[in-house]
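Notes follow once the structure below has been shown.
The values are calculated or read from the model by the stated rules, or taken from the named source; none is laboratory data. Quick caveat: nothing in here was measured; it's all calculated off a predicted structure. Neighbour counts run over all protein chains shown; Cβ positions are idealised from the backbone, glycine included. Areas reflect the complete protein model, heavy atoms only, side chains present, ligands, DNA and RNA absent. Shrake-Rupley method; radii C 1.70, N 1.55, O 1.52, S 1.80 Å.
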Amino acid sequence: MTTLYFVRHGESEANLIARFAGSLDCPLTQRGREQAEATARHLQKMPLTAVYASDLSRAYDTGLAIADALDIPLYATPSLREIYAGRWEGRTYSQLEAEFPDSYGVWRNQIGLAACPDGESVAELQARIQACVEEIAKRHPNEAVCIATHATPIRVMECVWTNTRLADMHTIPWVSNASITVAQYDDCGQAQLLVRDFHDHLGSLSTKLAKNV
């Protein structure tokens, strides 16, 4: 069995002002760095052997906090990035509601069927993330590995683990900043979800996405 600990990045500057970052490189806030350190301390009790992270700084720095705390290697890859949101990137959620009522309305109401204008679709994101995650699982048989990534990648992977159609992805809630979601892969590559959105270790540091994302 391979156990994968998915960690959503800590609070970013884009999260703080309710902005759709997508693949833009938005750094962690001070609270986000504190969240990453708290999650790293919590994961010190886990037998992790490596950390893989999106190369965007908000996820990379979250993964770095974990790798440093456990003294294990960190590998960065663009394959773990958040969805490339095209013309949505950098706009606030309120601007998206006003400027892209149709396409952003799909995102809000049936996210699994959404496609970012001039960017990725959620289906394309799922294919990218799933391929990367399955390769990591194969690379680390019978190990425990941390994957520091973003909210939408974790949500599309939860669809995979629970056999939820993308058309029903809206029934799966977002995970919170610096939360831990755990999936286990057997030797045949079959996966099951063990834990989702664990954030009790954050206490008063806990934060969530804005409601209109």
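Reducing segment 139-167 and segment 35-50 to their Cα centroids gives an inter-centroid distance of 18 Å.
Note on Lys138: aspartates and glutamates with a C-alpha under 19 Å away, same-chain residues under 8 apart excluded, are Glu158, Asp186, Asp187.
The share of C-alpha pairs in segment 1-151 whose separation exceeds 21 Å stands at 46 percent.
Under a straight-distance cross-link criterion of Cα-Cα below 19 Å, which aspartates and glutamates are reachable from Lys211, leaving out those fewer than 8 residues away in the same chain? Excluding near neighbours in sequence, the set is Glu11, Glu13, Glu82, Glu89, Glu97, Glu99, Asp102, Asp168, Asp197. In the distance distribution for segment 1-52, Cα-Cα pairs more than 19 Å apart total 38 percent. Cα centroid separation, segment 12-26 to segment 61-75: 22 Å.
Computed from the alpha carbon positions, the gyration tensor of segment 76-213 leads to an equivalent ellipsoid with semi-axes of 26, 18, 14 Å, biggest first. Once all protein chains are placed together, Asp168 keeps about 50 Å² accessible to a 1.4 angstrom probe. A run of the chain free of exposed loop cleavage sites, with trypsin sites (Lys or Arg not before Pro) counted only in DSSP states other than H, G, I, E and B and at most 15 other beta carbons within 10 Å, reaches its longest extent at 46-164. Distance distribution P(r), segment 136-192, all Cα-Cα pairs, bin width 5 angstrom from 0: 4, 16, 27, 24, 19, 9, 2 percent.
Within the shell defined by Cβ-Cβ distances under 13 Å, the residues around Ala151 carry a net charge of +2, with Lys and Arg each +1 and Asp and Glu each -1. Only helices enter this figure: runs of n ≥ 4 DSSP H residues, each worth -39500 (n - 2.57), summed and divided by the residues of the chain, yield -11000 deg cm²/dmol at 222 nm to the nearest 500.
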